[in-house]
Amino acid sequence: MDNNLIYLDNAATSWPKPEEVYRTMENFMRHIGANPGRSGHRLSIEAGRVVYEAREIIAQLFNLDDPLRVIFTKNATEALNLTVRGILRPGDHVITSTMEHNSVMRPLRALEDQGVEITTVNCSAEGFLDPQDVGKTIKSKTRLIILNHASNVVGTLVPVAEIGAIARRHNVIFCVDAAQTAGAFPIDIKVMNIDLLAFSGHKLLFGPPGTGGLCVAKGVEDVLKPLMRGGTGSRSESEHQPSFLPDKYESGTPNTVGLAGLAAGVKFILSQGIANLRPREENLTRRIIEEIQTIPKVTLYGSGDPRQQVAVVSFNIAGLSSSEVALQLDEDYNIMCRPGLQCAPLAHKTLGTFPLGTVRISPGYFTTEDNIKTFLEAIAKIASKAK
Amino acid sequence: MSFNEEPEKNYRVALFYSVSGALRAEKLLKAENVAFKLIPVPRHLSSDCGICVRFETKEESRVKKVLIESNLDIQGICPL
């Protein structure tokens, strides 16, 4: 790794990863490698154990009693597609917000033509969602409420526990997109009344790309159709998909080496403790928010309050496009960030930054105070030269 | 002798719906120090291509207790 490089794009994919993640993945590829559990020989069983351990540690992280209710997918997007396409039928009503990522909006929009009615609850220009506004839109045919836990553009947190209680009261299925919070913010499926929790493995859980999943609360599987069907290593005599978990939703050979890495990443988080990680992240975010606002020509978006958001900060410099700023950061300062719309056009419309977008920076576990200092100095220099 | 059975011993197998279920059972039984072995599902019992848990018949009540207490669904327990 280039020591001078400053990686501030952890909201897209975290990097670097803890050493254990690299070691575990290499060990799996060299010494285990087989198809998990299908064949019954010792390497196959060992590969199966690796995948099972990953389920167990994810279940522990989100307070899910039964590890077999952790369904692995290739990313949070697949988990969200499984939810939307698996739950909604023609005539159903679904509630979401104006701060969502396209991983929610596109699967929903695709169902509009098939008679699914969508309500997008308005969020404030800082990204805040009022739970009462969600409650007000529930009607008799409302089947699903699907919301992100934190915005991928500005990091603003959604009060999921309050909304979960409302959903439970009205007997509506509640799905949370935890792509930006899983690993960084405590999530308790039971306390928050979450029915379906979609998570990304390669962001704050420190797994490799190609890992993610969906936690399915008890009973939800009765109304959730699978997205894909195929071989599961179980019920091989039948040409029909099994109804038990996780096999109902997991067909074909899984990303075993990826899941080995994901388990190592989650173990790392649990060994540190989310309660200990969160203050560090909040401090880095506070410093960025407080100092970047003092730089002339810089406009900050979002809550402006590190306690109400994850470590994702969006801003613009007057006179420069977000992509110009990102290019200068990369080429002149070795700083990696993400410009543009971050796959969330509706969120940018809510923030008033559509269609030009913002410069998004997202520090991570390995980001130092020094890195942030260098970044802020770079922004001051870039802004001073902007016309 | 198949599946490394010791001739004087009497075995049973617990069959699970999924490989993940069998592996969950493995962890639960290990934690309770129950003696068992994971083996491929015998063809005469099921056409599944997965694995099952083999144990001595005298351990049956302990095996059942562990599985029931954890709410792990099993397909059944049968003599080997």
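Any read-out appearing in this document is the output of simple, stated calculations on the displayed coordinates, not a laboratory observation. The structure presented is a predicted model; accordingly, all values stated were derived computationally and were not measured. In this analysis, Cβ positions are derived from the backbone assuming ideal geometry, glycine residues included, and neighbour counts consider all displayed protein chains.
If one takes the longest principal axis of the Cα atoms in chain A, at what angle in degrees, from 0 to 90 and to the nearest 10, does the Cα axis of helix A:369-385 lie?
50 degrees
If neighbour count is taken as other Cβ atoms inside 10 Å, put A:V84, B:V34 in order from fewest to most.
Fewest to most other Cβ atoms nearby, the residues stand as B:V34, A:V84.
Rounded to the nearest 20 Debye, what is the dipole magnitude of chain A about its Cα centre when Lys and Arg each give +1 and Asp and Glu each give -1 at the C-beta?
480 debye
Given only helices, namely DSSP H runs of n ≥ 4 each adding -39500 (n - 2.57), what is the per-residue ellipticity at 222 nm of the protein assembly as shown, to the nearest 500 deg cm²/dmol? Numbers along the way, then the final one.
Values: 13 runs with 164 residues, N = 467.
Computed mean residue ellipticity for the protein assembly as shown: -11000 deg cm²/dmol.
Can you work out the Karplus-derived ³J(HN,Hα) for every residue in segment A:90-95? Use 6.51 cos²θ - 1.76 cosθ + 1.60 with θ = phi - 60°, whole Hz, and x for glycine or proline.
x, x, 6, 10, 10, 10
Report the Cα centroid-to-centroid distance between segment A:222-278 and segment B:6-80 in angstrom, as an integer.
22 Å
Would you mind counting up the charge near A:K141? Only other residues with Cβ under 14 Å from its Cβ, with Lys and Arg at +1 and Asp and Glu at -1.
+1
If each residue's Cβ is checked for other Cβ atoms within 10 Å, how do A:M29, A:M336, A:M192 rank with the fewest at the top?
Values: A:M29 12, A:M336 17, A:M192 23.
Lowest count first: A:M29, A:M336, A:M192.
Using Cβ contacts closer than 10 Å as the measure, can you line up A:K218, A:K387 from fewest to most?
Lowest to highest Cβ neighbour count: A:K387, A:K218.
With θ set to phi - 60° and the Karplus curve 6.51 cos²θ - 1.76 cosθ + 1.60, what are the ³J(HN,Hα) couplings of segment A:84-89 in order, to the nearest whole Hz, using x for Gly and Pro?
5, 6, x, 9, 7, 10
Per residue of segment A:264-278, in order, report the coupling 6.51 cos²θ - 1.76 cosθ + 1.60 (Karplus, θ = phi - 60°) as ³J(HN,Hα) in whole Hz, putting x for Gly and Pro.
Values, residue by residue: 5, x, 5, 4, 4, 4, 5, 5, 7, x, 4, 4, 8, 6, 4 Hz.
Among rounded, prolate and oblate, which fits segment A:65-206 when a ≥ b ≥ c are the square roots of the eigenvalues of its C-alpha gyration tensor, a/c under 1.5 means rounded, and a/b larger than b/c means prolate?
Since a/c stays below 1.5, the shape of segment A:65-206 is classed as rounded.
My understanding is that a pair violates if its Cα-Cα distance is over 30 Å; which of A:K203/A:K248; A:K248/B:K27; A:K74/A:K381 do that in this structure?
Over 30 Å apart, Cα to Cα: A:K74/A:K381.
Measure nothing fancy, just the Cα-based angle from helix A:42-62's long axis to the longest principal axis of chain A, in degrees from 0 to 90, nearest 10.
It is inclined by approximately 60 degrees.
So what's the gap between the Cα centers of segment A:32-95 and segment A:329-368, to the nearest angstrom?
One Cα centre to the other: 30 Å.
For segment B:19-79, what percent of Cα pairs sit more than 12 Å apart?
Summing the P(r) tail past 12 Å for segment B:19-79 gives 66 percent.
Using modelled backbone amide H atoms (1.01 Å from N, in-plane), which distant-in-sequence or interchain residues come within less than 5 Å of A:Q309's amide H?
A:L157
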